[in-house]
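Everything on this sheet refers to the single structure shown next.
The values are calculated or read from the model by the stated rules, or taken from the named source; none is laboratory data. Everything numeric in this text was worked out from a predicted model, so none of it was measured. All Cβ positions, even for glycine, are placed from backbone atoms using ideal geometry, and neighbour counts span all protein chains on display. The area values use the complete protein model at the heavy-atom level, side chains included, leaving out ligands, DNA and RNA. Shrake-Rupley method; radii C 1.70, N 1.55, O 1.52, S 1.80 Å.
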Amino acid sequence: MDGNGRWAKKRLLPRVVGHKRGVDAVREVARAARDMGLEALTLYAFSSENWKRPADEIADLMGLLKAFIRSDLQELIDNNARLRIIGDYHGLAPDIVELVEDAMARTAANTGTTLAIALNYGSQQEIARAAARAAAKGAITPEAIEAELYTADLPPLDLLIRTSGEVRLSNFLLWQAAYAEMWFTDVLWPDFTPEHLRQALDQFSTRERRFGGR
Ligand code: IPE
Ligand code: MG
């Protein structure tokens, strides 16, 4: 989810307004993912590199995260959705750790769409951690690493979307993206709607995936 800051800047608004509108987009897109019956939707909300941002922006993002979980958890429960957090979320403030652990526990048994939120997430760190954990248990094979990734209990990554015109992965799901289809759009995240998700999925459905075969 990229482009919140530019969305605000274009309108001469503070960045936090862009982040707020970004949360509104998350809510709508998460609803659409459930309505479409997607197995999982993973959102990159806060990267391990985002700590480089000014403290007030980090505080705004954490505040919005807490507000989102408080306001939307019941809707997730009512819709049989499962919340997962990927990333080193124990590195966040204790009140957030408590909030997300409670939310995960309350949705753990749900069987509908999984909403995964990447918090304090960095893919290189994830892979290094998984390799170390695999090594502690035995041989370091691709399967053993995969079983130790934060995403081990999520379905394989099929489609990766990046908004705001940037054409790079920025340390997101590097391992998981090995055979994922990619969809890049100039749309800034706060402007991203369920209709854009539908467009991306339509594109995806036309692609022939060979996974290295022919
Ligand atoms: C949102 O967009 C990304 C988050 C960390 C939530 P940005 O804040 O990166 O927006 P731009 O790139 O400055 O437009
Ligand atoms: Mg950005």
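This table checks each residue for (1) surrounded by 15 or more Cβ atoms within 10 Å (Cβ to Cβ); (2) under 29 Å from Glu208 (Cα atoms); (3) without any contact (Cβ under 8 Å) to a residue 40 or more places away in the chain.
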residue	(1), (2), (3)
Val97	yes, no, yes
Thr114	yes, yes, no
Ala132	no, no, yes
Gly138	no, no, yes
Glu146	yes, yes, yes
Arg168	no, yes, yes
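What about Asp56, is it at pLDDT 95 or above, part of a helix (DSSP H, G or I) and within 16 Å of ligand 2 (Cβ to nearest atom)? So Asp56 fails the test.
Look at (1) more than 15 Å from ligand 2 (Cβ to nearest atom); (2) open to solvent by 20 Å² or more (accessible area, probe 1.4 Å) and you find that Ala33 fails only one, number (2). Any residue at all in the stretch 86-94 that is within 10 Å of ligand 1 (Cβ to nearest atom) and crowded, with 18+ Cβ neighbours inside 10 Å? No, the conditions are met nowhere in the stretch 86-94. The set of residues in the stretch 6-38 being under 27 Å from Gln74 (Cβ atoms), of a type outside the set (A, V, I, L, M, F, W, C) and touching an Asp or Glu at 6+ places or on another chain (Cβ under 9 Å) consists of His19, Lys20, Arg21, Arg27, Arg31. Taking the stretch 177-214 as the range and being surrounded by fewer than 16 Cβ atoms within 10 Å (Cβ to Cβ), closer than 16 Å to Gly165 by Cα and either aromatic (Phe, Trp, Tyr) or at pLDDT below 95 (or both) as the test, only Phe184 passes. Considering the stretch 36-53, the residues that are away from ligand 2 (no atom under 14 Å from the Cβ) and in a loop (DSSP other than H, G, I, E, B) include one that is most open to solvent (accessible area, probe 1.4 Å), namely Glu39.
Among residues of the stretch 1-13 that are open to solvent by less than 20 Å² (accessible area, probe 1.4 Å), those with a Cβ under 6 angstrom from a residue that is within 7 Å of ligand 1 (Cβ to nearest atom) and not in a loop (DSSP other than H, G, I, E, B), sequence gap 6+ or separate chain, pair up as Gly3/Trp189; Gly5/Arg15; Gly5/Gly18; Trp7/Gly18; Ala8/Arg15; Ala8/Gly18.
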